[in-house]
Amino acid sequence: MKLLPNVNLSVKKAVHHILPRVCKNHPQAAVLAVNTVLHDCSDPNPEIKCLGITTLCAIPEFVEHVPGAVHASLSDSHPKVRLAAVNGCKSLHSHTPQAASEQGLINILYSLVRDSDPRVSTAAILALDFLLAEEGGIIVTKAMAKHLLRRLEHYPPVQLASVLQAVAKYKPKEEDEVFEELSLIDPYLVHSQCPAVNVNCINLFLDLIEDNYAHLIDQLVERSSPGLIAYLSSASESTASTVLKFLLSERGKAWLKNLPSADLMPRIAESPSVKIKKLSLIAITCKETEADDILAAVTPFCYDKSCGSQAVRCICKVRSNLEATSSKCLAVLLQLLETSETDVLRNCLVGLETFSMEGIPRSEISALLEKVVDRIDLFKPETIPAVAPHLLGLYGELLPTAPYVLEHLVNNYNQLQFDTKMFLLVGTLRLFLKDPGECQLTLGRLFQNCISDCDNALLSEKALRYYKILCHDQELMKTILGVT
């Protein structure tokens, strides 16, 4: 408290910074500090005045002193003070939600949307959105929208992005008004400083044209794509993430049709979040002519702990989207199964759970099974992926040792995870229906284990149901499990 009146600006900043925490832990301190804080709110130095108003609004015990100081600061001649007061309204609302409306601050904030300083104007928009969140945020009228649109060039990039987002709340009704707005925002489709500007401008364009002028969407995609692609190679995580998030959204699908997968390739130095988003998109955009290069480029990322599982899913998704690449994708997975790194193996095996074997030569499936069985020994029973018994049930007739592998899993039944137990039941039953002699004893023991499994009622009920069906009608059991 003794340091609060200090004339040294650095000291005063530090004290104001910690004062809200001090008052939270020691409410009586607010009584000692209030007069000094109020004095700072009227200091001729704008920097000190900003500190005062920020602190005043942040401390609940000061709420009765807020109206006069905030009203004065919202009309201050210095834009920094007005900005601090606008942001202070948000702090005030955080601890005393009804205060802003009771003290008449809402109308003042609406008037500040037209402030000559773009930072104050934007802060007022964001503050109104925050204060009126329960009512749907700021109400943008035709007059306000026109005012903001005519001043777009005056807003710095970050503020411009927020303004475009706010303008989207106004829906013009007349065709002339729609096209006037489109012409005013068109230059920002190729903005090169802030991706949020491009994305918010695209979203605003879509709001205006997707209902009655959908034929313009292709032109919108063509005009805005170069700017988005340029951001994808940025070293800034936030820059790339903004564009990637848009491309992954429902609205971004139209931009993926002609987006070269090469522009989406992740780099080693990028953050895990960016890598994962890019790998998700590559799986969607990859074309058959690019498949060889894409698979070769994605494979190293399968060994990257930060995005390995997504890289494997990318390969499996490429196979799902491009049937002609099935053998190539399977070859990559076989290559991954050569490793002794359990994380890579687990990701690969999990990916195989959704990997369709339709159309793949049986010799390649047999090679896959041999590799999967060979790698099971690297896992402890409790970590064996469920795909192992799943594949053995589907294609075990191609592997002479399949019944013995299933028997080994049944011997370790109590240590297996629930999903693995479930797939083991179905897989062993499938292989029994194909080759009863080799699996009869193993299936019997497995039924006994599952039915008596008190910890897994769902599994127990399913095993008992399958057992009754099997005893009654094997052909019906084959139909249920899809065994031919």
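In this structure, is residue 62 modelled with pLDDT under 90 and assigned by TED's automatic domain parsing to the domain that holds residue 20?
For residue 62, the condition - modelled with pLDDT under 90 and assigned by TED's automatic domain parsing to the domain that holds residue 20 - is met.
Please determine whether any residue of region 171-179 is part of a helix (DSSP H, G or I) and touching a helix residue (DSSP H, G or I) at 6+ places or on another chain (Cβ under 7 Å).
yes
Pick out the one residue from 421, 380 that is over 20 Å from residue 334 (Cβ atoms), of a type in the set (D, E, K, R) and touching a Phe, Trp or Tyr at 6+ places or on another chain (Cβ under 9 Å).
421
Which residue is farthest from the chain's Cα centre (by Cα), if the candidates are limited to region 86-103 and must be surrounded by 15 or more Cβ atoms within 10 Å (Cβ to Cβ) and not in a helix (DSSP H, G or I)?
Ranking the candidates gives 103 first.
Check 268, 217, 276 and return the single one that is outside the structural domain of residue 302 (by TED's automatic domain parsing), farther than 19 Å from residue 162 by Cβ and without any contact (Cβ under 8 Å) to a residue 40 or more places away in the chain.
217 is the lone residue from the list that is outside the structural domain of residue 302 (by TED's automatic domain parsing), farther than 19 Å from residue 162 by Cβ and without any contact (Cβ under 8 Å) to a residue 40 or more places away in the chain.
Kindly provide the set of residues from region 143-168 that are in a loop (DSSP other than H, G, I, E, B) and crowded, with 17+ Cβ neighbours inside 10 Å, ordered by number.
Hits for region 143-168 are 155, 168.
With the condition kept exactly as written, say whether any residue in region 36-45 is of a type in the set (Ser, Thr, Tyr), assigned by TED's automatic domain parsing to the domain that holds residue 11, part of a helix (DSSP H, G or I) and at pLDDT 90 or above.
Scanning region 36-45, I find no residue that is of a type in the set (Ser, Thr, Tyr), assigned by TED's automatic domain parsing to the domain that holds residue 11, part of a helix (DSSP H, G or I) and at pLDDT 90 or above, so the answer is no.
Restricting to region 104-117, give me the number of residues that are surrounded by fewer than 18 Cβ atoms within 10 Å (Cβ to Cβ) and assigned to a helix (DSSP H, G or I).
Matching residues across region 104-117 total 4.
Listed residues 333, 368, 337, 433; which is within 23 Å of residue 303 (Cα to Cα), touching a Leu at 6+ places or on another chain (Cβ under 9 Å) and surrounded by fewer than 21 Cβ atoms within 10 Å (Cβ to Cβ)?
From the options 333, 368, 337, 433, the qualifying one is 337.
Restricting to helices (runs of 4 or more DSSP H) lying wholly in region 198-295: which have 2 or more residues that are among the acidic types (Asp, Glu)?
Fully inside region 198-295 and qualifying: 217-232.
Can you tell me which residue among 149, 164, 182, 206 is within 27 Å of the chain's Cα centre (by Cα) and closer than 24 Å to residue 118 by Cβ?
164
(1) farther than 18 Å from residue 163 by Cα; (2) hydroxyl-bearing (Ser, Thr, Tyr); (3) touching a residue at least 12 places away in the same chain (Cβ under 8 Å): which one isn't true of residue 141, the others all being true?
(1)
On the basis of being in the same structural domain as residue 24 (by TED's automatic domain parsing) and within 20 Å of residue 13 (Cα to Cα), does residue 69 make the cut?
It is true that residue 69 is in the same structural domain as residue 24 (by TED's automatic domain parsing) and within 20 Å of residue 13 (Cα to Cα).
State which residue is surrounded by the most Cβ atoms within 10 Å (Cβ to Cβ) when the search covers only region 180-194 and only residues that are in contact with a helix residue (DSSP H, G or I) (Cβ under 7 Å, 6 or more places away or on another chain) and closer than 15 Å to residue 142 by Cβ.
181
A quick yes/no check of all residues on (1) touching a residue at least 40 places away in the same chain (Cβ under 8 Å); (2) closer than 29 Å to residue 351 by Cβ:
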| residue | (1), (2) |
| --- | --- |
| 391 | no, yes |
| 417 | no, yes |
| 421 | no, yes |
| 424 | no, yes |
| 443 | no, yes |
| 458 | no, yes |
| 464 | no, no |
| 468 | no, no |
| 474 | yes, no |
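Yes or no: residue 484 outside any loop (DSSP other than H, G, I, E, B), hydroxyl-bearing (Ser, Thr, Tyr), within 42 Å of the chain's Cα centre (by Cα) and surrounded by fewer than 13 Cβ atoms within 10 Å (Cβ to Cβ)?
Here the answer is no, as residue 484 does not meet what is asked.
The values are calculated or read from the model by the stated rules, or taken from the named source; none is laboratory data. This one's a predicted model, so the numbers in the text were calculated from it and none came from an experiment. All Cβ positions, glycine included, derive from the backbone under ideal geometry; neighbour counts span all protein chains shown.
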